[in-house]
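J.: Have a look at this one.
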Amino acid sequence: MEEMTSLKKFVKLYQKSEVIFEENSLGNEMYVIHSGKVRLSTKAPGHEVVLATLGPGEFFGEMALVDAAPRTATVTTEEDNTRLIVLDQTKFIYLVSQQPAFALTIMHVLCKRIRERWTLYSGLFEKPLPPSLPSPQVGKGKGEGG
């Protein structure tokens, strides 16, 4: 029971549509979702791109604690009474140093998110050639033996 009481001082309560942090802002905290849901999004020319919706047990904001760079997404609550456990850099470093499984979990999720973001971005930039243009042909140029 004492552990639950001490955990409460690290929990913040948010209501639906509250912005936790904005893309390109600086941050020194990460968040673990205790209850509720959040949406991670980024700006694209003329619209918002939803990167993920996260729920209980998932976390976000860890990149700012690892590299001290600006945030890569905006995070907004999706539900009323969303409870987030807030970890500052001191707590984060303690957990990483004392709990190797926590560090591996962070690395695993970071790798997964990088791969997902790469897939998302490559899909945005890959456009098929219009039907009026011929497809490039490899090995059919002049002077090539065949």
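J.: 7 Å from Cα along Cα→Cβ at both ARG117 and ILE85: what's the point-to-point distance in nm?
T.: 2.4
J.: How much net charge surrounds THR76 when only the other residues with a Cβ under 12 Å from the Cβ of THR76 are counted, with Lys and Arg +1 and Asp and Glu -1?
T.: Computed value for this residue: -3.
J.: Can you give the extra length, in nm with one decimal, that the chain gains between PHE10 and SER35 once fully stretched, where that is 0.36 nm per residue apart less the Cα-Cα distance?
T.: Result for the pair: 7.6 nm of gain on full extension.
J.: Through the Karplus equation 6.51 cos²θ - 1.76 cosθ + 1.60, θ set to phi - 60°, convert the phi angles of region 34-47 into ³J(HN,Hα) values in whole Hz; use x for Gly and Pro.
T.: Result, ordered by residue: 7, 8, x, 9, 10, 10, 9, 9, 9, 8, 10, x, x, 6 Hz.
J.: Sort 89-96, 110-117 by packing, meaning the average of other beta carbons within 10 Å per residue, with the highest value first.
T.: 89-96, 110-117
J.: Looking at this model, which pairs from LYS12/LYS91; LYS16/LYS112; LYS9/LYS37; LYS12/LYS37; LYS9/LYS112; LYS37/LYS112 are more than 22 angstrom apart at the alpha-carbon?
T.: LYS16/LYS112; LYS9/LYS112
J.: Also, quick follow-up: What is the order of HIS47, HIS34, HIS108, fewest Cβ neighbours within 10 Å to most?
T.: Ascending Cβ contact count within 10 Å gives the list HIS47, HIS108, HIS34.
J.: With labels modelled as points extended 7 Å from the Cα through the Cβ direction, what inter-label distance (nm, one decimal) is found for ILE93 paired with GLU48?
T.: 3.5
Bear in mind that the values in this text are calculations on the coordinates, not laboratory data. All values derive from a computational prediction rather than experimental measurement. Positions of Cβ are generated from backbone atoms using ideal geometry, with glycine treated the same way; all protein chains shown enter the neighbour counts.
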